[in-house]
Amino acid sequence: MNNDPRSFWSGLSTGVCGYPQGGEEGLQACRGARRVRDVADENDLSWQFLLQGQSRVVSRQQARDGGLTRATIDWRLESGAWRRLQRGAYAAFTGDPPREAKLWAAVLRVGPGAALSHETAAEVHGLTDKPSSQIHVSVPAERHPGRHRKIGGVVIHRSRCLRPPWQPPWQLPRTTVEDTVLDLVAKARTFDDAYGWISAAVGRRLTSAELLGQALASRPRIRWRAWITGALQDAADGVHSPLERNYVYGVERAHGLPAARRQARRRHGSGTRYLDNLYEEYGLCVELDGLAAHPAEGRWRDTRRDNANQLQDTRTLRYGWPDATVHRCRTAAEIAAVLRRLGWQGTPHPCSRTCPVGR
């Protein structure tokens, strides 16, 4: 499907003064007036829709299609009424351009078939709250934009599996959530970084493990395919962060501990709480805290959650990143000891020759 917004706007501009063809005969005078102007009618609906839909950023070709002459475009740039954001992409306003205007300028600069991708698509989809330092744009593999010149602030990726969904012309073209995640997984430096993107997408309910699996199946070439397949199953089971995955594999499974219920939903009073790892049969909850220190309100929230667990006869153990990685054997020994006191009849086992667990 054609994602070029010009195809939509050109359809709206078939009439005169913003009205479709076949209007009343009284519009003939307006049609004649339009012909003698060497600039687009600033009140024309199609022109206004284009400006508003693209954060008031237009390409040179769109401006020409809207009725502006080359001389008029150049005069607006020289006078400061417009400013150049990228070659052939202009902000039709003064002042500092907002983030979305810069993104539109990058897409228009790269040209037909371009779509925001990788970290920038993740930003647009809400996969991350941090804008990328460079704007990432993907194009079909057969295109070679910028092959002989650099585009400032833009990283161009050529993709054999680019399938950007149809977007209305007032929304930025971008890769799907699923393709965005897989693009980022493929270029991740570590498994933890890769799993962070998977868990963010599923945890924020932007997609599902099933949809990610379908997108994975459509890619004949991708790094870490077997690992990604297993990671998707973990995400479906409620493992929502790299820290939680390290706990499941490095602490629980590696040492033969019983399997906890992930993201266990519990009612307390009028509210609902989700527990990271609940060993319900034994009345034990293992909570995992992320890399960053909790702010004051976060610490109080954790305290209230722990207190609520006590009221429901559930003990809470709380661990951080080092406990699930560097000190995972010590953590497993502590959890095993508590579980045994609470009635677990199993026996933990060491994960390696040097592991002290079970000896």
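Just so it is clear, none of the values below were taken in a lab; they were calculated from the coordinates. These numbers come from a predicted model, not from an experiment. Quick reminder, even Gly has a Cβ in these numbers, built from the backbone with ideal geometry, and neighbours come from all protein chains shown.
Things to note:
- Residue-by-residue Karplus 3J(HN,Hα) for region 103-113, coefficients 6.51, -1.76, 1.60, Hz, glycine and proline x: 5, 4, 4, 5, 5, 5, 5, 5, x, x, x
- 3J(HN,Hα) from dihedral phi, region 246-258, Karplus parametrisation 6.51/-1.76/1.60, rounded to Hz, x for glycine, proline: 4, 5, 4, 7, x, 9, 6, 6, 5, 10, x, 7, x
- Checking every one of the trypsin sites (Lys or Arg not before Pro) in region 45-79 against DSSP loop status and a limit of 12 other Cβ atoms within 10 Å picks out no site at all.
- A protection proxy built from the mean count of other Cβ atoms within 10 Å ranks the segments 109-122, 216-229, 276-289, most packed first, as 109-122, 276-289, 216-229.
- Computed over region 160-259, relative contact order equals 24 percent, with contacts defined as Cα pairs under 8 Å that lie 6+ residues apart.
- Rounded Å value of the spacing that divides the Cα centres of region 175-196 and region 77-137: 22 Å
- Calculated FRET efficiency, T94 to D192, Cβ-Cβ distance, R0 = 41 Å: about 0.35 to the nearest 0.05.
- Each peptide in 92-102, 167-177, 244-254 gets a packing score, the mean of other Cβ atoms within 10 Å over its residues, and the list from highest to lowest is 244-254, 167-177, 92-102.
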